[in-house]
Amino acid sequence: MLKKNDVYNIEIDDLGHSGEGVGRIDGFTVFVEGGIPGDYLKIKLTTLKKNYGAGKIIEIIQGSENRMNPLCSLANVCGGCQIMHMDYEAQLEVKGKRVKETLERIGKIQTTVKSTLGMENPFEYRNKAQFPVGTIKGKAILGFYKKGSHEIVDTSYCYIQAPINKEVVEAIKEYIKDYHISVYDEKTKQGLIRHLVTKVGFTTGEVMVVLVTNGRELPHKKQLIEILTKKVEGLKSIIQNINDKNTNVIFGKETIKLYGEEKIVDYIGDLKFYISAQSFFQVNPVQTKILYEKALEYAKLSGEENVFDIYCGIGTISLFLAKTAKKVIGVEVVEAAIKDAKENAEINAITNTEFYTGKAEVVIPQLYEEGIKADVVVVDPPRKGCEEAVLATIVKMNPKRVVYVSCNPATLARDLVYLEVRGYKTVEVQPVDMFPHTAHVETVALLSRV
């Protein structure tokens, strides 16, 4: 009989969805933060529930052959990189294994799951960073939140972020210090500077700096611009966003341009995209290109197909598909994203796209009732997966192929089952590592009509 706070030895044989190690003590499942497959650990059982427990590492009795010292000294403190202490090739293997086992366990789906597509250089890949701003003993700190808290870990360099962020963070610290700019306090709701957000065009080198403030008045704007333009190479845009609400949401509704352009430019493949302070853009452009090329390969377009891109966002996949499709119809609930999608089509001189704003589960059935159908359907839903009304309409529409882009293997498995029992077969599944050193995995699945 296991007891809370007792000490046990455990062998880790799997990785959980949040990057925690998974092992068993007398057949009882225990999750261990920081454990990886192959570890033999001494742990303290800190949580004991009916069906599972959680433990804290006291000693690594024998580390896995895939255990390594993380490059980042803050990896065990910051909540960003859950598995940086694991060899990268082993990360790719465990992500592919999780996809395959999830499909088999939840969906009873037997299909080809290919090896996870990883990065040649799995560092400095994120083109967007969000730094909360706080103080310690009167000194401004910028960094990331400590695991499971709102306590800020002070840092100027992150191994998975664009390197230029170091210069941006140092410039903002200098501005706050030299001009005695107040910093927002979550407890008192007082102070000016709340967040620093950066966006970087990986192809163009263009940089946008966004300061989120608790009020309109920003002192010493001229000096802020001088500091940033002097220190930050490639700086094209400085934006102030005003958020004076008592909320955990980073951005407010009002945005003011302080310097340069309102948007920066970047490319995915040969497609050009404008990126504004609040627009969504995939944070790993290198792997995004690989992901979209795989989706395009699975779509097998000849130029004669009408394609639906459901949950299309700002139209990135739509524009990839449009190059070899007769027509692409994109559907997205966020109005601002559809506005960006239309603009992105225009700047790339793509004329065979049409975008609709609204809930997919409402718009897709309406289009079908109007006689608008697709030969190929691409879906890229949020973590909760597709709404049943969307899947039901796809089945009625009876397209030749469905390409499913997923960020959650569990809801992917659920939705594939729905389609498989209604006339489709999962031909192949390709995991893609969009977020190295984290537990997340993206997946592209191809389904064909039986």
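Rule-based calculations on the coordinates, nothing more; no lab input. All of these numbers come straight from a predicted model, not from anything done at the bench. Please note: Cβ atoms are built from the backbone with ideal geometry, for glycine as well, and neighbour counts cover all protein chains shown.
Descriptive notes on the structure:
- Of the GluC sites (Glu not before Pro) found in the range 301-387, the ones in coil according to DSSP and having at most 15 other Cβ atoms within 10 Å of their Cβ are 304, 370.
- Alpha-carbon centroids, the range 296-325 and the range 329-396: separation in whole Å: 11 Å
- The range 7-62 - convex hull of alpha carbons, volume per residue in Å³: 68 Å³
- Overall Cα dimensions of the range 265-357 - principal axes, largest extent first, Å: 37, 28, 22
- Global dimensions of the chain from alpha-carbon coordinates: Rg and Dmax equal 23.8, 68 Å.
- Set of the range 220-251 residues, backbone N closer than 18 Å to the point 7 Å along the Cα-Cβ line of residue 204: 229, 232-240
- Gyration tensor over the Cα atoms of the range 337-441: the corresponding equivalent ellipsoid has semi-axes (square roots of 5 times the eigenvalues, largest first) of 23, 21, 13 Å.
- Efficiency of FRET from Cβ geometry, residue 185 and residue 226, R₀ 30 Å, rounded to 0.05: 0.65
- Entry note, the chain: the mean residue ellipticity at 222 nm calculated from DSSP H runs of n ≥ 4, each adding -39500 (n - 2.57), is -8000 deg cm²/dmol after division by the residues and rounding to the nearest 500.
- Hydrodynamic radius (Kirkwood) for the range 184-258, which is based on Cα pairs only, to one decimal in Å: 13.1 Å
- Of the trypsin sites (Lys or Arg not before Pro) in the range 50-93, the ones in a loop by DSSP (not H, G, I, E or B) with at most 10 other beta carbons within 10 Å are 50.
- 24 Å Cα-Cα threshold exceeded, pairs from 128/189; 56/173; 139/187; 173/199; 294/327: 128/189; 56/173
- With q set to 0.15, 0.19 Å⁻¹, the log10 of I(q)/I(0) for the range 182-314, from the Debye formula over equal scatterers at the Cα positions, is -0.82, -1.09.
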